[in-house]
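The next block holds one structure in the form of structure tokens; read it before the comments.
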Amino acid sequence: MTVLDISQEVFSCQVFPGDPKPEKTALLRVANGDVCNLSAFSMCAHNGTHIDAPYHFIENGRRVDELDAAVFVGDAYVARCEGDVTAADARGILARAEAENAAERILIAGRAAVTAEAARVFADVGIRLLGNESQTVGPEDAPAEVHLILLGAGVVLLEGIRLGGVAEGKYLLSAAPLNLGGCDGAPCRAVLIQ
């Protein structure tokens, strides 16, 4: 069994333009004579590797603590794509994933942005989770439409994963988010098991 960590380290992670960066504060340090090391941190729920709950773009959408944890654990298909992911690309990815019995969770490797047309293809077939390497699944300059299509269809998003060196194919995904009550997103430690 091989476990591939596909998460970003939090304090050096990529941050979506305009979001606050994660910060760490040392509260106690053994080196200073304290009984233990103790740290506090603050961060945006969408820093680094994270999930988007429907509430991120939909006012009455489900929040992180209302999501079924099973969405984040199960067979996933890694597909490589560069540039805009078109509807034809989405259909091709789904066909390869279905052949591997791994079409519920799709992870897109590469510098790719999901178009609205591709989002509709993924939403119409009812995938449970869509992941990508960017800090946003759609175009960075106009992410709302793609988010509304996918989150509106109940597709949970896993953004900011790292798939460099991961071959296309079927894996077991574990990407459970922190159980942040009432939140629109949450960081997670995402791994693929081969």
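The values are calculated or read from the model by the stated rules, or taken from the named source; none is laboratory data. Please read these numbers as outputs of a predicted model, since none were measured by experiment. Cβ atoms come from the backbone with ideal geometry, glycine included; neighbour counts cover every protein chain shown. These accessible areas exclude ligands, DNA and RNA; they are computed on the full protein's heavy atoms, side chains included. Shrake-Rupley method; radii C 1.70, N 1.55, O 1.52, S 1.80 Å.
Structure above, values below:
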read-out	value
The listed residue being part of a loop (DSSP other than H, G, I, E, B), in contact with a Pro (Cβ under 8 Å, 6 or more places away or on another chain) and not charged (D, E, K, R), out of 146, 137, 166	137
Hits in the stretch 169-192 (condition: small (Gly, Ala, Ser), in a loop (DSSP other than H, G, I, E, B) and open to solvent by 20 Å² or more (accessible area, probe 1.4 Å))	176, 181, 182
Selection from the stretch 73-126 of residues that are buried (at least 21 other Cβ atoms within 10 Å of the Cβ), part of a strand (DSSP E or B) and among the β-branched types (Val, Ile, Thr)	78, 85, 106, 108, 114
From 57, 16, 11, residue being surrounded by 11 or more Cβ atoms within 10 Å (Cβ to Cβ), modelled with pLDDT under 95 and either aromatic (Phe, Trp, Tyr) or in contact with a helix residue (DSSP H, G or I) (Cβ under 6 Å, 6 or more places away or on another chain) (or both)	16
Boolean, residue 41 is assigned to a strand (DSSP E or B) and touching a Pro at 6+ places or on another chain (Cβ under 9 Å)	yes
Output for the stretch 1-38, where each listed residue is among the hydroxyl-bearing types (Ser, Thr, Tyr) and assigned to a strand (DSSP E or B)	25
Qualifying residues in the stretch 136-145 (those that are open to solvent by less than 20 Å² (accessible area, probe 1.4 Å) and of a type outside the set (A, V, I, L, M)) - the one nearest to residue 13 (Cα to Cα)	136
Hits in the stretch 152-194 (condition: free of Cβ contacts under 8 Å to residues at least 40 places away in the same chain and touching a strand residue (DSSP E or B) at 6+ places or on another chain (Cβ under 9 Å))	155, 165
